[in-house]
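J.: My structure is below; once you've seen it, I'll send some questions.
The values are calculated or read from the model by the stated rules, or taken from the named source; none is laboratory data. Because the structure is predicted, anything quoted here is derived from the model rather than measured. Cβ placement follows ideal geometry from the backbone for every residue including glycine, while neighbour counts extend to all protein chains displayed.
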Amino acid sequence: MSGFEVSRNDYDHISVLYLSGFLDAHTAPKFEDGLQKLIKEERVKIIVNLKNLDYISSAGLGVFMGFIEEIREKGGDIKLSNLSPKVFKVFDLLGFPALYEIYEDEIQAKTKYSETK
Amino acid sequence: MSGFEVSRNDYDHISVLYLSGFLDAHTAPKFEDGLQKLIKEERVKIIVNLKNLDYISSAGLGVFMGFIEEIREKGGDIKLSNLSPKVFKVFDLLGFPALYEIYEDEIQAKTKYSETK
Amino acid sequence: MKKLRKYRYKIRFPSRTDNLEMVRDFVHGLAVKAGFVEERADQISLAVDEACTNVIKHAHKFNARRMIDLAVIYDKSQIEIIITDKGKGFDPRKLQKPDLSKYIHEAKMGGLGIHLMKTLMDEVNYTFNPGVKNQVSMVKYINHQQ
Amino acid sequence: MKKLRKYRYKIRFPSRTDNLEMVRDFVHGLAVKAGFVEERADQISLAVDEACTNVIKHAHKFNARRMIDLAVIYDKSQIEIIITDKGKGFDPRKLQKPDLSKYIHEAKMGGLGIHLMKTLMDEVNYTFNPGVKNQVSMVKYINHQQ
Ligand SMILES: Nc1ncnc2c1ncn2[C@@H]1O[C@H](COP(=O)(O)OP(=O)(O)O)[C@@H](O)[C@H]1O
Ligand SMILES: Nc1ncnc2c1ncn2[C@@H]1O[C@H](COP(=O)(O)OP(=O)(O)O)[C@@H](O)[C@H]1O
């Protein structure tokens, strides 16, 4: 049971969620909790760093879809970084690159937030 | 499919077989072939180095049992080295330490052969 | 013509999302055994995850006392996975291809699974007999020219 | 007294030694889910390997068209694995505890499997109905004081 973990780092006005392991219908609620907490704290400039994510199914993709509008309405965004080729493929198959900003690494995503502050 | 591999190194009068992976009823014939070849070449001072062996079942233990008498009659032996705690437990459960010399590392097994040359 | 040798496997497990990982590993291992490269074996186990997730969620409505039956059959040319439930069934012809930008506005979180299954596999077929036996069969060819 | 919640899994696979690895992984994963620590989960999957190897070798005589049925049932207190074959059966009471030093002289390579199963598991029980249904059931308790 390799599991799934969410950890978080706050930088000034930006928050980064780090996902690791397997994100499926069983573990998606953990990721939902993480986003919900950020919204409650009004920390809506979010980067989700997927460096250590080994797997994602549509249940995981659904979490991104379910929160993005509310976050954007509040002036925030979810930007993605550090996708492995395998995980990127799944996002790509479903057309996510047209809807989400996806960056090679966290710094690029942070820079983007700073430019548009 | 992690598989099982046997490789071999000859040192003077001693031959070392290195087993790696999973030794079960499916892969045991590969190990048998390795021993059979050594016997044919009359290289009977044998060390089996189990450093990279992840798993052994009784089918693997049976291979040691099946060849040991012939090898000892020819003036040779099978000495074991570098067993992980997990693999050692299985040998131990079946009483192998009373029948086979088991060494921490390959050098100790080699030294033993040299002493009794 | 010689008939192709077929290899058959079956697994039955409680309808719980915490079994998805085990099912993915099981199917992935068989796909590799059948001759699929790692990347395509990943696609197959993702499609199976989606189909099982749907059964757990929609057919069994998270009732963990229900069981899921999954069969894997492979030969030299293809792998087929058949997943069976006894739920109420649904009409897959009524599903529309998901429109992501619309989804965002509706804050809708679903509708991606079947689309993914169809994208990842060469054939996806549903047959229904509500309350008795609903099945989805998914096939992927070993030598599919992409 | 409240009845213990039981979790049931089944797997059916062709009687071939190249399936042993998959079966070990499957059973190991369930043993961990049931609450066994890694080392004890290893013991359980080794015992299952031995039992399946015996079915492949002795009951099915390496006929790969035969199938093996394996059931796993666990609850808070134990895991049980039941393996079924339709072979000729045998009388386990006639087996002697292996004497390794004698084995060496007979260059005999077998007889260790059942001994290992009995050492690794808390209960090992055979029931026979030759040609119809032979079963071995193996149980390990979660809180076994060693
Ligand atoms: N096995 C099933 N039993 C009943 N209904 C199903 C089943 N699979 C899918 N459906 C229906 O099809 C719809 C689309 O499924 P899917 O594309 O996987 O998206 P999602 O499950 O996220 O809604 C579901 O919302 C559900 O109504
Ligand atoms: N499932 C089975 N069906 C028929 N005979 C069996 C079965 N399992 C074990 N046996 C018999 O019991 C003997 C001892 O089995 P075991 O201790 O596993 O050693 P081995 O299989 O190496 O001989 C076997 O040689 C065989 O005759």
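J.: Among the residues of the stretch B:49-75 satisfying the criterion of being more than 19 Å from B:GLN36 (Cα to Cα) and surrounded by fewer than 18 Cβ atoms within 10 Å (Cβ to Cβ), which is nearest to the other protein chains (Cβ to nearest Cβ)?
T.: Top of the filtered list is B:ASP54.
J.: Something else: Do we have any residue at all in the stretch B:28-35 that's away from chain D (no Cβ under 11 Å) and exposed (fewer than 15 other Cβ atoms within 10 Å of the Cβ)?
T.: Scanning the stretch B:28-35 turns up at least one residue that is away from chain D (no Cβ under 11 Å) and exposed (fewer than 15 other Cβ atoms within 10 Å of the Cβ).
J.: Quick check on the stretch B:76-92: of everything there that is over 14 Å from B:LEU17 (Cβ atoms) and surrounded by fewer than 22 Cβ atoms within 10 Å (Cβ to Cβ), which residue is nearest to the other protein chains (Cβ to nearest Cβ)?
T.: B:LYS86
J.: Something else about it: Need pairs with beta-carbon distance below 6 Å; first residue over 14 Å from A:LYS89 (Cβ atoms) and modelled with pLDDT of 95 or more and within the stretch C:25-47, second assigned to a loop (DSSP other than H, G, I, E, B) and β-branched (Val, Ile, Thr); sequence gap 6+ or separate chains.
T.: C:GLY35/C:ILE142
J.: Still on this structure: For C:THR53, work out the one condition from (1) within 13 Å of ligand 1 (Cβ to nearest atom); (2) at pLDDT 95 or above; (3) more than 13 Å from the chain's Cα centre (by Cα); (4) polar (S, T, N, Q) it doesn't fulfil.
T.: All conditions pass for C:THR53, except number (3).
J.: Looking only at residues in the stretch C:64-77 that are touching a helix residue (DSSP H, G or I) at 6+ places or on another chain (Cβ under 9 Å) and surrounded by fewer than 18 Cβ atoms within 10 Å (Cβ to Cβ), which one is nearest to the other protein chains (Cβ to nearest Cβ)?
T.: C:ALA64
J.: Further question: So how many residues does the stretch D:122-141 have that are at pLDDT 95 or above and more than 13 Å from the chain's Cα centre (by Cα)?
T.: Counting residues in the stretch D:122-141 that are at pLDDT 95 or above and more than 13 Å from the chain's Cα centre (by Cα) gives 1.
J.: Just to be sure, is D:THR119 within 13 Å of chain B (Cβ to nearest Cβ), surrounded by 12 or more Cβ atoms within 10 Å (Cβ to Cβ) and modelled with pLDDT of 80 or more?
T.: In short, yes.
J.: If you don't mind, another one. For residues that are of a type outside the set (Gly, Ala, Ser) and within 14 Å of another protein chain (Cβ to nearest Cβ), tally how many sit in the stretch A:12-27.
T.: Adding up the residues that qualify gives 5.
J.: Then there is this: Test each condition in (1) away from ligand 2 (no atom under 12 Å from the Cβ); (2) of a type in the set (Ser, Thr, Tyr); (3) closer than 24 Å to B:LYS89 by Cβ for D:THR53 and report the one that comes out false.
T.: Single failed check for D:THR53: (1).
J.: Out of the residues in the stretch B:79-106 meeting the condition of being within 24 Å of D:LYS57 (Cβ to Cβ) and either of a type in the set (A, V, I, L, M, F, W, C) or within 14 Å of the chain's Cα centre (by Cα) (or both), tell me which one is nearest to ligand 2 (Cβ to nearest atom).
T.: Among those residues, the one meeting the criterion is B:LEU94.
J.: Can you name the condition, by its number, that D:VAL37 falls short on among (1) surrounded by fewer than 19 Cβ atoms within 10 Å (Cβ to Cβ); (2) among the aliphatic types (A, V, I, L, M); (3) within 25 Å of D:PRO14 (Cβ to Cβ)?
T.: Result: D:VAL37 passes all but (3).
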